[in-house]
1. Can you find, among Met90, Thr100, Ile304, the residue farthest towards the positive end of the dipole of the chain? Put +1 on the C-beta of Lys and Arg, -1 on that of Asp and Glu.
2. List the residues, sorted by chain then number, that are 5 or more residues from Lys292 or on another chain and whose placed amide H is less than 5 Å from its amide H.
3. Rounded to the nearest 0.05, what FRET efficiency do Asp156 and Ser236 give with R0 = 60 Å and r taken as the Cβ-Cβ distance? Could you check?
4. For region 189-283, with the dipole built from +1 on Lys and Arg beta-carbon atoms and -1 on Asp and Glu ones, taken about the Cα centre, which of Ile222, Leu190, Asn282 lies farthest toward the positive end?
5. If you roll a 1.4 Å probe over region 210-265 with all protein chains in place, what percent of the accessible area is carbon or sulfur?
6. Treating the beta-carbon of each Lys and Arg as +1 and of each Asp and Glu as -1, no other charges, what is the dipole magnitude of region 233-323 about its Cα centre, to the nearest 20 debye?
7. Let me spell out the model: positive unit charges on the Cβ of Lys and Arg, negative unit charges on the Cβ of Asp and Glu, origin at the Cα centre of the chain. What dipole size does that give, in debye rounded to 20?
8. Which FRET efficiency, nearest 0.05, do Lys364 and Lys107 yield, Cβ-Cβ r, R0 25 Å?
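The values are calculated or read from the model by the stated rules, or taken from the named source; none is laboratory data. All values derive from a computational prediction rather than experimental measurement. Here the Cβ positions follow ideal geometry from the backbone for every residue, glycine too, while neighbour counts run over all protein chains shown. Please note that ligands, DNA and RNA were not included when accessible areas were found on the heavy atoms of the full protein model with its side chains. Shrake-Rupley method; radii C 1.70, N 1.55, O 1.52, S 1.80 Å.
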Amino acid sequence: MTLKVAVIGAGIIGVCIAHFLKKNGHEVILYDQKNPGTQTSFGNAGLFAKHECVTANSLQLWKNLPSLLLKKNGPLVIDWFYVFTHLPWMLRFLRNSTNTRVEHIAKSLSSFSSHAALAYEEIFNEVDVSNYIVNKEPIYIYETKELFEKDQYAFDLRKKHNVQFNIISKADIAKKEPYLAQIYYNGIILKDECFTTSPIQITQKIFDNFMKKGGHFNLTKINTIFKKDDYLFLKSNKKEYRADKIVVAAGVWSNILAQTIGDNFPLDTERGYHIVFENNDNILTYPIGWAKTGFYMTPMEDGIRAAGTVEIAGLKKPMNNKVFATIESTARSILPKLGKVKSKWMGFRPTLPDSLPVIGKSKKCKDVYYAFGHQHLGLSLAAITGKTIQSLIENKPMNINIDSLNPYRF
């Protein structure tokens, strides 16, 4: 049965959803207020972390929280006024940082992400992105032996859920990346992972294929979802659009749309930052993570992108220049030969208290589906999210257990 499906949100997740639905013969219309892939999907570190099970929820969080909150140049930057006005969300997040919850989150994420590579393979067999994929595995380095030993719980969690990694010595890191300042102790290589030199090109290539196959895109902001005379509609400022099914994949703006049909989810915002430096003389060839601050430096087609740092400050505040200063000074200390700054960017990561996405069907409106809240793993999990939404809409059985991603788990 051919359905008319509206997908709200043209980031990498919405585009992958549209791809799979169109491939299966449905009439699909993508809606977004911006061009495809130009918002949050644009600014990530470019890693396909297809096997990751470690999230921001951590047992170490309780122990490290006082120092994290007091540091002005750490990986976590907090607007205290915003936090106090969103205290229930913060408390939920902390409750999801106990041993039992962290184990549950890791198991859930590992189960879902284990299907990510095959889902992307299905897309990439049809969409040629080979010019933008590099099969080099990320290296995550530790400044000191103490930091390395503190991460033992994360190592154990990965081992338990079959996330493959190797410990790499300081000498071997130096052989792979001789331009790195040798201010580190050792590191780990995350096995079987790869990266893209252009996240926006990945989204754009999939989108172009979707349009070539007869898909549609409407550059407009959708404000409301509603039912009228048993028909389902989307509404912008100027027009109403009818659909058989609606998928809400609008990132941090998803809950605004969910509320128009009576749903309400604890969705909040992480502000992510990146700086692009000139990559003179190819001084970096692998993605390099820096454990102390939690960000990555990735060689991309337009330069070296230093991406990371979490700022809890909502959607409305302007970019924080102190965060940019921290990223730049840290990046230059690790890679002293970095070139000039070419560009700076800030985007909004959709995040839920357990760091797991919401994927499932609305109880308030049977023909509305949700796919948002992927936090740091939107690029990694976009394809398998698309396959999952396709199966839900077509009411077909899946070999994937998504119970832990249920919209109503909170």
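1. Positive-most Cα among the choices belongs to Met90.
2. Glu143
3. Working: r = 49 Å, r/R0 = 0.82.
Between Asp156 and Ser236 the formula returns 0.75.
4. Result: Ile222.
5. Roughly 44 percent of what the probe reaches on region 210-265 is carbon or sulfur.
6. Numbers: 11 positive and 10 negative charges, 98 e Å.
In debye, rounded to 20, region 233-323 gives about 460.
7. Working: 52 positive and 37 negative charges, 169 e Å.
The calculated dipole for the chain is roughly 820 debye.
8. In this case the efficiency is close to 0.30.
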